[in-house]
Amino acid sequence: MVSIMSVIQNLPWVILLLGALVFFHEFGHFLVAKLVGVKVLKFSLGFGPKLFGFTRGETEYVVSALPLGGFVKMLGEVPGVDVPPEDLPRAFSSKSLPRRAAIVLAGPAFNFLLAFLVYLGMFTGMHSFGSTKLGIVSIGEPAWKAGLRPGDVITAIDGKNVDDFDGLRDVISNRPGERLRVVYTRGGVEHVTELHPEARDEANVFQETETRGRIGVSPQYVKPNLAVVDPESPAAKAGLKTGDLVTAVNGTPVATWYELREAVGNTASGAPVLLRVESGGKTRDVAVTPGASPPGLPELASAADTPDGYTGLVTQDVLVDKVEPNTPAAHLGLAPGDRLLKLRIEKQNGQMAERPINIWNVDLAAFTGLDARSKFVLTFQHGREVIERPLSLEAKITKDELKNERTQYIFGATNTDVMGTYTFERYVGVFGAIHEAGRQVVEDTTLIGAGIAKIVQGRIPFSTMGGPIMLFVIAKESAKHGVATFLRVMAVVSVNLGVLNLLPVPVLDGGHLLFFGIEAVRRRPPSLRTRELANIVGLALLALLMVLVFKNDILRYVLG
């Protein structure tokens, strides 16, 4: 529920958000009207009673009591109102069709301009980007089958350079099932391979199924933090503890789990594994002598063994850290210190799939995707015992910061975060930022337009829409996350306002542009009666819309 104190505390953010949106929109109308010689009588931020203002030249500038919009009052814009003969050349109705259209279009255009300027400021300067150096290459996935391994750096796909991981992901995502020629470097040597991204059904932002290409790679990597699961393992006997950080193996420095695993695997036959370990701010050297593996324990990439045998060295990433009571994980019998081994999935369409758990967030992705409703069988290690049990996730209705309901599937067990990411710093100049800002505005516009279309089609429930209270909550929650998030939200809402105003609804800018289009075709404007009736219908539709979104706001934020 939105409290009075919350309103008072966050009012400045709401005023800043609404003020910027309304000012830019109305300033667009105002500026172009002035440029084409239309007399502007009033420029108002807000509706209703005037709070304060001043007159400069022929225009009155005011701030009004209801901050839910604004208006620019121009001479001759209302059909049927007499204009003094001496002012006719400066009346809106006297201007050519292209000039009138430019004035109307300028409002939404300035909303897009505001978003563009915000993005331009955000994108200009030094930024961190995900590298195309691979920290994760999932075993059995297309990239692994094509010969790619952790530590490789992808430089080009089908002859086009890829500079960062976002660009790499976009190319892969948009080409499921296609043959791709991939250029990569390993140890400074260039290699070429071919792969076919696997087509996978995933949920998009509208929670609709969408097919995307995936090859099983990420710039994230697992740090070389150890877990000791088996109390009788060579690692445990050598005095190693869960959480110990390995910095070198057999004299070779390591910074990732895959480097540790490779170095352990290269240990000479008959020799112990020599580890340099950091723990509690101290460094020590430890020798691990391989031994016999517990019965039934599968060989996985989450363990690091030598050709001679079992070491008990396991990545901390796949170790259970916490188990919430009364959750599926607790009912399963999982406990802190257990190691996840394998996940078998029985999908709703009857298909079966089994996946080794080498990296928690990657190999348990089925718990958060479209497969979360499936039946599972989880295999895990408890001490020296390997256990296999059926698992079904708990479906729970949750609400996000905007009080929208979401179905979340609960597992109930979490691990310790030992992930890092390969990144690099790059300065983005003005021209690069202009390109990125324009691309982001187009992306926002496309997404918002698709969302409006889906609401009209009934594919997205109308209850997801909100009014002034939702706008207040958006301003409040985004401000909590810092200025950058607030500005990002301002840009998105500004694009949203621009798109909505371009809808062909009478009294909106899009409705005026529709009438101008009819005038251009017929060589004369629609009759005054037609425009009056259209405006009445438009006002009725907007009034109905306001009632419905207010109802949604009250149900969501006041009574919810």
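The numbers here are math on the coordinates, done by the rules we state, and not lab data. Predicted, not measured: the structure shown is a model, and the values here were computed from it. Note that we place each Cβ from the backbone using ideal geometry, even for glycine, and neighbour counts take in every protein chain shown.
The fewest-to-most ranking of R373, R214 by surrounding Cβ atoms within 10 Å reads R373, R214. 3J(HN,Hα) along the range 544-557: 4, 4, 5, 4, 5, 6, 5, 4, 4, 4, 5, 5, 7, 10 Hz, from the Karplus curve 6.51 cos²θ - 1.76 cosθ + 1.60 with θ = phi - 60°, whole Hz, x for Gly and Pro.
Building the convex hull from the alpha-carbon atoms of the range 206-280 and averaging its projection over directions returns 8.6 nm².
For the range 35-45, the Karplus equation 6.51 cos²θ - 1.76 cosθ + 1.60, evaluated at θ = phi - 60°, returns couplings of 5, 9, x, 8, 7, 9, 8, 8, 10, 10, 9 Hz by residue, with Gly and Pro reported as x.
Which label belongs to the value computed from this structure, given these candidates for Kirkwood radius over Cα pairs in Å: (1) 27.3; (2) 24.1; (3) 28.4? It is the one labelled (3). Amide H contacts of V507: H512, each under 5 Å away and 5 or more positions distant or on a separate chain (H built 1.01 Å from N in the peptide plane; Pro and chain starts excluded).
In this simple spin-label approximation, I518 and T211 carry label points 7 Å from Cα along the Cα→Cβ vector, and these lie 4.3 nm apart. Once both labels are positioned 7 Å from their Cα atoms along Cα-to-Cβ, the gap between R459 and L16 label points is 3.7 nm.
Which entries of K34/K73; K133/K223; K347/K399; K375/K454 have Cα-Cα distances beyond 23 Å here?
Numbers: K34/K73 12 Å; K133/K223 15 Å; K347/K399 27 Å; K375/K454 31 Å.
Cα-Cα > 23 Å for K347/K399; K375/K454; rest within.
What the phi angles of the range 233-243 give under the Karplus curve with 6.51, -1.76 and 1.60, with θ = phi - 60°, is a coupling list of 6, x, 4, 5, 5, 7, x, 6, 10, 4, x Hz, glycine and proline written as x. Placing dummy labels 7 Å off each Cα toward the beta-carbon, the span from L274 to I345 is 4.4 nm.
Give the calculated FRET efficiency between L245 and E178 to the nearest 0.05, with a Förster radius of 35 Å applied to their Cβ-Cβ distance. All intermediate terms of the calculation are to be shown ahead of the outcome.
Values: r = 41 Å, r/R0 = 1.18.
My answer for the efficiency is 0.25.
Between amide H atoms placed 1.01 Å from N, distances below 5 Å from L391 occur with F376, V377, L378, all of them 5 or more places distant or on a separate chain.
How much FRET efficiency would the formula 1/(1 + (r/R0)^6) give for L533 and T252, where r is the Cβ-Cβ distance and R0 is 56 Å, rounded to 0.05?
Using R0 = 56 Å, I get an efficiency of 0.10.
Taking the longest Cα principal axis of the chain as reference, the axis of helix 97-123 is set at about 30 degrees.
Between E194 and R373, what is the FRET efficiency for a Förster distance of 35 Å, r being their Cβ-Cβ separation, to the nearest 0.05? Provide the component values of the computation, followed by the final result.
Working: r = 35 Å, r/R0 = 1.00.
The formula returns an efficiency of 0.50 here.
Summarising the overall dimensions of the range 129-218 from its C-alpha atoms, the Rg and Dmax are 12.8, 43 angstrom.
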